[in-house]
1. With N set to the residue count of the stretch 168-291, report its C-alpha Rg divided by 2.2 N^0.38 Å to two decimal places.
2. Take the alpha carbon atoms of the stretch 109-176, find their radius of gyration, then divide it by 2.2 N^0.38 Å using N residues; give the quotient.
3. For the stretch 185-235, just run the numbers: alpha carbon Rg, then divide by 2.2 N^0.38 Å, N being how many residues it has.
4. In the neighborhood of residue 91, defined by Cβ-to-Cβ distances under 11 Å, what is the net charge if each Lys or Arg adds +1 and each Asp or Glu adds -1?
5. Could you give the Stokes-Einstein D for the stretch 124-217 in µm² per second, using the C-alpha Kirkwood radius, 37 °C, 0.692 mPa s?
6. Work the Kirkwood hydrodynamic radius out for the stretch 253-351: mean of 1/r over every pair of different alpha-carbon atoms, inverted, in Å.
7. Setting aside same-chain residues fewer than 8 positions from residue 189, which aspartates and glutamates have a Cα under 15 Å from its Cα?
8. P(r) for the stretch 34-87: what percent of alpha-carbon pairs falls in each 10 Å bin, starting at zero?
Amino acid sequence: MRKAILAGLLFVFTSCAPRPLVPPSNGTVIPTPTFWESITPIGEILADPSGYQGREVTVLAYYRGWDLLGEAGVGPPLTRSDVAVADPTGCIYIVPAGEGAMKDIPLRPFDREATETLLRLHGQVRLSPRGQPYILVTKGEVWNGLPARVLLRVRRTGGIAGMDHELMAMADGTLYFLDRKNRLHVRWKTTPDAVARAVEGLRPFRDQEVGTPVPDGFAYAVTVQEGEQIWKAIFQEGALPAAADPALAPIREWLREAMERAPYPPPTPTAHPDAVRAAVRFLAAQLDLPPEAIRVVAWEPVDWPDAALGCPEPGTAYAPVITPGYVVFLEARGETFRVHTDRTGERACRP
């Protein structure tokens, strides 16, 4: 009898103990915080608004003001003053239940910098007269960490085009990409093991800043949630140590894939001079890509000092005559490329 009781207690304790959300990767288990279990992903509310109507929920989400990053896809449910919050699974509007509900969160709805602020919000799911779900918030606070089930968040900034990209990787393998500048986003799946391996590869750089900033280079601001601990690292694309390249490899690959998946508008041929379209064809041939996979970021006319178009080859002599042309910035496979042309586009080169 005593053995049966002990066995029953052991079953209860082990079944109730918090389990890691990430399966082993090379024998390593990434711990996850226990408070995540009380958080409702926004995507679940959006998938079943009527089922959640009237239910109390707690969400961990980033403040988005007046849908500043284009994630909600709809207008506010009740008044023009309603603001939105977002996690990797979706975006929903919130409405304070009273003056004290969010008194400690003095965020302005038009402030893009505030969209980096993570909030922990408790309230009740309501439906607007049009059937749109929103959360009537009874208590809100600023939170230090990541949204529920997000193990890794990366913000990549810089580059020739001044990119501002955000990537979040969840424990179940869900990836969420947000082009903050162009207000575009996309979700897709990898494997939980791939996310775990990415976190493991970054761990040697915990709480460090590595590399040297260079003009038009990328900076990667990394945040990782391991158990109750949150840690960060910054990678500057310049003189990166050799070990940093493998650590950044999965992040770069996910960002490249995101750029292909995101609904960027195709380039309009008539919107650019012939030389710019020639630059697209030139780069497409070099990268073995269809021209439709290349996006024109920017272009400007320039007078090259000689016929080399700014791409001189060693040992080659060029006519020292002013040569009108263009410098064209193109985006492909998550990278930005620079192409030089003459005025007609008959000649193109990469410096």
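1. Scaled against compact globular proteins, the figure is 1.28.
2. Against the compact-globule rule of thumb, the ratio is 1.43.
3. Ratio of Cα Rg to 2.2 N^0.38 Å: 1.34.
4. Combined, the nearby Lys, Arg, Asp and Glu give -2.
5. 200 µm²/s
6. Roughly 14.1 Å, rounded to one decimal.
7. Leaving aside aspartates and glutamates fewer than 8 places away in the same chain, those within reach of residue 189 are 172, 253, 257, 260.
8. 21, 50, 27, 2
FYI, it's all coordinate maths here, none of it is from the lab. Worth saying up front: this structure is predicted, and the values here are computed from it rather than measured. Virtual Cβ from ideal backbone geometry, glycine too; neighbours counted across all protein chains shown.
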